[in-house]
1. Search the range B:276-285 for residues being more than 7 Å from chain A (Cβ to nearest Cβ) and assigned to a helix (DSSP H, G or I), and hand back the single one that is surrounded by the most Cβ atoms within 10 Å (Cβ to Cβ).
2. Any residue at all in the range A:109-123 that's part of a helix (DSSP H, G or I), more than 24 Å from residue B:233 (Cα to Cα) and basic (Lys, Arg)?
3. In the set A:146, A:166, which member is more than 15 Å from the chain's Cα centre (by Cα) and more than 12 Å from every other protein chain (Cβ to nearest Cβ)?
4. Of the numbered conditions (1) in a loop (DSSP other than H, G, I, E, B); (2) surrounded by 14 or more Cβ atoms within 10 Å (Cβ to Cβ), residue B:103 satisfies every one except a single condition; which is it?
5. Keeping to the range B:213-240, report how many residues are in contact with a Ser or Thr (Cβ under 6 Å, 6 or more places away or on another chain) and outside any helix (DSSP H, G or I).
6. Quick check, is residue A:246 surrounded by 17 or more Cβ atoms within 10 Å (Cβ to Cβ), part of a helix (DSSP H, G or I), out of contact with any Cys (no Cβ under 9 Å at 6 or more places or on another chain) and more than 7 Å from every other protein chain (Cβ to nearest Cβ)?
7. Output the number of the condition that residue B:273 fails; it satisfies all remaining conditions of (1) more than 7 Å from chain A (Cβ to nearest Cβ); (2) under 19 Å from residue A:212 (Cβ atoms); (3) under 24 Å from the mean Cα position of the chain (by Cα); (4) surrounded by 18 or more Cβ atoms within 10 Å (Cβ to Cβ).
8. If residue A:174 satisfies every condition in (1) part of a helix (DSSP H, G or I); (2) under 16 Å from the mean Cα position of the chain (by Cα); (3) more than 8 Å from chain B (Cβ to nearest Cβ) but one, which is the exception?
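No lab work stands behind these numbers, since they all come straight from the coordinates. Since this is a predicted model, take the numbers as computed values, not measurements. Cβ atoms come from the backbone with ideal geometry, glycine included; neighbour counts cover every protein chain shown.
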2 protein chains.
Amino acid sequence: MNKPVKEMDSLQNERAGRKRIAIVGIGLMGGSLAIQLHEKKLASRLVGVDTHADHAHKALELELVDEVMNLDEAIKVSDVIILAIPVDKLVDLLPLVLDKIENQIVLDLGSTKSQLIEVIKNHPKRGRYVATHPMWGTEYSGPQAAVRGAFENRALIICNAAESDADALEWVRGMYSKIGMRLLEMEARAHDLHAAYVSHISHITSFALANTVLQKEKEDNAIFELASAGFESTVRLAKSNPAMWVPIFMQNKENVLDVLKEHIAQLTRFKESIEKDDKEYLTKLIEEANRIRRIIK
Amino acid sequence: MNKPVKEMDSLQNERAGRKRIAIVGIGLMGGSLAIQLHEKKLASRLVGVDTHADHAHKALELELVDEVMNLDEAIKVSDVIILAIPVDKLVDLLPLVLDKIENQIVLDLGSTKSQLIEVIKNHPKRGRYVATHPMWGTEYSGPQAAVRGAFENRALIICNAAESDADALEWVRGMYSKIGMRLLEMEARAHDLHAAYVSHISHITSFALANTVLQKEKEDNAIFELASAGFESTVRLAKSNPAMWVPIFMQNKENVLDVLKEHIAQLTRFKESIEKDDKEYLTKLIEEANRIRRIIK
């Protein structure tokens, strides 16, 4: 009752499981997570780190984070460090962050995992790191793209959980559960394979579709005026940021190429059946595709 | 004041521009249009015609139409006949309907136009027919797929308007305007070209993507659990009905093949740049695709 206010706060936060959290990269993913951490009262203090000064400034202005620091300062004052940066930057930064921490928890939100986990597998602080991939995103980027209610009801994959310390894993699981995600665990290799099928190929398809239409349809105005909801839904991912996606495709090269070759083969079947007026085979191809109804909604 | 109720109704309907309307094919498109015709008070009486007895029954049960008749009866009691059937059925049925009408207005909702307009171009009743294509749809089919608020804020294309009678054209324009569509006019050939780019190719892409993932991903459960919003949005059109889409691809064969070949070429560029680790070209390809931001939203 007579304890100083500061100490009271700290005690209450500890009891509530609240942590001092640093988010490195306050863009779409980091910013959207920041909103959830605030709303679900998971953070007692939220520090933003961003090498782009304008992003950091915008994140403060939007009240996504409580303050902005450089990486070293942020690591010192935080219990948890969340890395929300492109996967090529992750493989460089994660080992450096593990070098600098004492006993803090470190996690990332990257879309590829094999290479990243390989890079730090023998690091003395390996146990403090939890590899996570929230299956959520939009085609927009930057702090102004951050949205309320992100991640909810989506899958969260934790990779190679056995290599993380029990306390780190427990807190990370609790964080994502409170945000409303469905938790799954798998090995990094399996993750990268599945991610190629259910996420990476969709982006390539969408980029290529946009380029096809922009190439063939000489009248921008016609696209603008005639675009149906169907076109918009297949092409919307084509707005996605190359700084995020080029490194994903490169790091998951083998799986992405494998699924991309199959996709080209499937499109070629459509082409040939139309060329040959083979309505029967075309119908069969579409009926096969309709089987996706079993799986999606 | 002393007029019989029946005559009063008829007079009021006439003043309000209401028509007795028959919809042939009460599925997704016809059913959704029926809801709009009711809500916007465009129909004084809505008759459904469907060769599938279960569709007709379901349409009545859902109150999409006031009554069900066979085609000949429906033509006799209606001022307007709307054909909402697959495009292969349209080329057979439209000439027969024009044979049977007196002075009624006939329109269709088909996704391809060149072949259809060619078939009836010399018909003595050509002027009574208005060729329309509302750029709206969903991946579902049948009367139970009919939805409220369909067509609103979407483009409506009228093809070869000069070949339709002025009064028929005026009423059809008024109908779509009241539903909230943006009216455009173009020749059938231009329509089919643009439709291949902004609608037909999206469906082929989506069908082929579903087949790719169903082929490569042996674990249905993994697709189900991991599927992100991005995957769902690119693959949702793959649920679309082959009875509707096979005839569209066949009737628009030349344009569809042209754009499909370009799409395969674009995907091949992505494949080659990943194979060669050519990050620079891959970035360029994605930046080009990002130009779709100018056009879509």
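1. As a first pass, look at the range B:276-285 and keep what is more than 7 Å from chain A (Cβ to nearest Cβ): B:276, B:278, B:280-281, B:284.
Okay, now just the ones that are also assigned to a helix (DSSP H, G or I), so B:280-281, B:284.
Details: B:280: 10, B:281: 16, B:284: 14.
Residue satisfying both the conditions and the ranking: B:281.
2. Let us first name the residues in the range A:109-123 that are part of a helix (DSSP H, G or I), namely A:114-119.
Next, from what is left, pick out any that are more than 24 Å from residue B:233 (Cα to Cα): A:114-119.
Imposing the further condition that a residue be basic (Lys, Arg) reduces the set to none.
Taking every residue of the range A:109-123 in turn, none turns out to be part of a helix (DSSP H, G or I), more than 24 Å from residue B:233 (Cα to Cα) and basic (Lys, Arg).
3. On the way: A:146 fails: more than 15 Å from the chain's Cα centre (by Cα).
Answer to the check: A:166.
4. Here residue B:103 clears every test but (2).
5. Looking only at that region, the number is 1.
6. Working: surrounded by 17 or more Cβ atoms within 10 Å (Cβ to Cβ): yes; part of a helix (DSSP H, G or I): yes; out of contact with any Cys (no Cβ under 9 Å at 6 or more places or on another chain): yes; more than 7 Å from every other protein chain (Cβ to nearest Cβ): no.
Judged against the criteria, residue A:246 is not a match.
7. That leaves (3) as the condition not met.
8. Evaluating residue A:174 over (1) part of a helix (DSSP H, G or I); (2) under 16 Å from the mean Cα position of the chain (by Cα); (3) more than 8 Å from chain B (Cβ to nearest Cβ) leaves (2) as the failure.
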